[in-house]
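Worksheet: one structure, shown below.
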């Protein structure tokens, strides 16, 4: 699990409106999201095998 230490910017009503994280943590968060997107795409393709192409045809 990704662990972040964040700070909040609050409005005049005391409600959080923005989050501040370090550039390093931002980059880690983006990488984590991209990995999850890759996993979701793989799962989607794996579930729908009707469009699968045999490896022998791909090699030709």
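Figures for the structure shown
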item	result
Most mobile of 38, 48, 12 in a GNM of the chain (Cα contacts under 10 Å)	12
Residue of 46, 23, 13 that the Gaussian network model of the chain assigns the largest fluctuation, springs spanning Cα pairs under 10 Å	13
Whole-number percent relative contact order across the chain, with pairs defined as alpha carbons under 8 Å at least 6 apart	22 percent
The chain: calculated mean residue ellipticity at 222 nm from DSSP helix runs of at least 4, using -39500 (n - 2.57)	-16500 deg cm²/dmol
Max mean-square fluctuation residue, GNM over the chain, Cα-Cα springs under 10 Å, options 19, 45, 30	19
Largest-first ellipsoid semi-axes for the chain, taking √(5λ) over the Cα gyration tensor eigenvalues, angstrom	43, 13, 8
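Coordinate-derived values only; no laboratory data. Note that this is a predicted model, so its numbers are computed, not measured.
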